[in-house]
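The values are calculated or read from the model by the stated rules, or taken from the named source; none is laboratory data. As the structure is a computational prediction, the values presented were derived from the model and not from experiment. All Cβ positions, glycine included, derive from the backbone under ideal geometry; neighbour counts span all protein chains shown.
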Amino acid sequence: MGDDKALRAQVLDALTEVAPDLEAHRLEPEISFRDQYEFDSVDFLNFIMTLERRLGTHIPEPDYPRLSSLDGAVNYLRERS
């Protein structure tokens, strides 16, 4: 799916599509999105679906917790590439 920089950009783009008010430059990569922003379960599901659409991949529901932070999402997507 690409290198870490490209994956990070894809994750950030998906996040800001779901939560346009999110300040991506202030995001702490190792802390969960929910702990940093008002990012509820519907936002998180929309984020997963946006990633799936953008990357042309399916993310199984049991793997969702691995995508709860920027670092987690990038690591997960790197492993799947």
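Data for the structure
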{"read-out": "Every pair of residues 6+ apart whose Cβ atoms lie under 8 Å, when the first sits in segment 69-81 and is among the charged types (D, E, K, R) while the second is at pLDDT 95 or above and not in a helix (DSSP H, G or I)", "value": "D71/P29; D71/E30"}
{"read-out": "Selected residue [surrounded by 13 or more Cβ atoms within 10 Å (Cβ to Cβ), in contact with a Phe, Trp or Tyr (Cβ under 7 Å, 6 or more places away or on another chain) and at pLDDT 95 or above] from I31, I48, I59", "value": "I48"}
{"read-out": "Top-ranked residue in segment 34-45 [being touching a Lys or Arg at 6+ places or on another chain (Cβ under 9 Å) and more than 13 Å from P20 (Cα to Cα); ranked as surrounded by the fewest Cβ atoms within 10 Å (Cβ to Cβ)]", "value": "S41"}
{"read-out": "Those residues of segment 39-74 which are of a type in the set (A, V, I, L, M, F, W, C) and closer than 13 Å to L7 by Cα, in sequence order", "value": "L51, L55, L67, L70, A73, V74"}
{"read-out": "Every residue from segment 15-26 that is under 15 Å from D40 (Cα atoms) and aliphatic (A, V, I, L, M)", "value": "L15, V18, A19, L22"}
